1. With θ set to phi - 60°, apply the Karplus curve 6.51 cos²θ - 1.76 cosθ + 1.60 along region 126-143 and write out the HN-Hα couplings as whole Hz, x wherever there is a Gly or Pro.
2. Once amide H atoms are placed 1.01 Å from N in the peptide plane, what residues at a sequence separation of 5 or more from Val177, or on another chain, have their amide H within under 5 Å of its amide H?
3. If you take the beta carbon distance between Asp59 and Thr104 as r and set R0 to 45 Å, what does 1/(1 + (r/R0)^6) give as a FRET efficiency, to the nearest 0.05?
4. Please report the relative contact order for region 174-248, taking Cα pairs under 8 Å with a sequence separation of at least 6, and give it as a percent rounded to a whole number.
5. Go through region 190-196 residue by residue and turn each phi into a ³J(HN,Hα) via Karplus (6.51, -1.76, 1.60, θ = phi - 60°); whole Hz please, and just put x for glycine and proline.
6. Between Glu93 and Ala121, what is the FRET efficiency for a Förster distance of 35 Å, r being their Cβ-Cβ separation, to the nearest 0.05?
7. Amide H to amide H under 5 Å from Ile232: which residues, 5+ apart in sequence or cross-chain, H placed 1.01 Å off N in plane?
8. Of the options Ser38, Pro187, Asn224, report the single residue whose Cα projects farthest towards the positive end of the charge dipole of the chain (beta-carbon charges: Lys, Arg +1; Asp, Glu -1).
Amino acid sequence: MSTKTRTQRLLISALLAGCVLPAAGQQFHIGAGMANTSAEYKDSSGNVYALPVVQYQSDLWSINIDRAELYLPVSQYSWFSAIAALRLQTLNEDTSNATQGIETRKESLDAGLGFNYFDQALGYYAVEWVHDISQVHQGYEVSLVAALPLEGPRLTITPALFIHQLDQQLVDYYYGVSAQEQQQNRPAYQGQATTNVGSSLEVRYRMTQRWRLQAETSITRLGNGITDSPLIDTHYRWSTMLSASYRL
């Protein structure tokens, strides 16, 4: 398998995972960064947190802190992926004043399959299906991604568009309000399947053969199944990230 093909494959997987991986060969990167995410739940504030970077990549595997993939080549420019990923979403009564009395919602472990395709002229395309295997929300998510990396000797800029379809069980777990949780200003709500759409811009700069900088920003328009929840007071979610890493 060519270096170019490995690069294409990893970029698509990275876009779906929200993290960009090394470009070729068997590599291991460590580093650190900062991330900033907007508030989603009513009366809550955004989060700023440290972001550890631990990434391993080979022809067969890619592994980082919250996602692992096994690659199954179909042709020179297409491949299937077997995926395991942590859904790092939580909710509890300390999230905001509006969530007091809410039962805790936990992270989940999702697993599934993806299909990826690259064309030199048209760019990158991927579809992914993952389902909760940890019996937390017991729902699933389908993702579509289209990206067009603009690659230079050191600098790569990748604009992307994405669609995430969340089923009713997933939405209800994180955004629903049960009869026991309803209050005067928080009516009961059963989450509905919904579609989020958004875009991202990722920039990678190779400072040396071993050091790299990476920055990414994304914005997502939340579907009605989420925004109709009495726990939510926004139609958009955004995030930014900046990191530096070293290849061992």
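1. Once rounded to whole Hz, the list reads 8, 10, 9, 10, 10, 10, 5, 9, 9, 6, 8, 9, 6, x, 9, 9, 10, 10.
2. Tyr189, Gln190, Gly191
3. On the way: r = 41 Å, r/R0 = 0.90.
Once the sixth-power term is evaluated, E becomes 0.65.
4. Relative contact order for region 174-248 comes out at 31 percent.
5. Calculated HN-Hα couplings, in order: 9, x, 10, 3, 8, 10, 9 Hz.
6. Once rounded, the FRET efficiency stands at 0.10.
7. Long-range HN contacts for Ile232: Lys42.
8. Ser38
Throughout, read-outs are computed from the coordinates displayed, never taken from laboratory work. Model, not experiment: these values are computed from the prediction. Note that each Cβ is placed from the backbone with ideal geometry, even for glycine, and that neighbours are counted across all protein chains shown.
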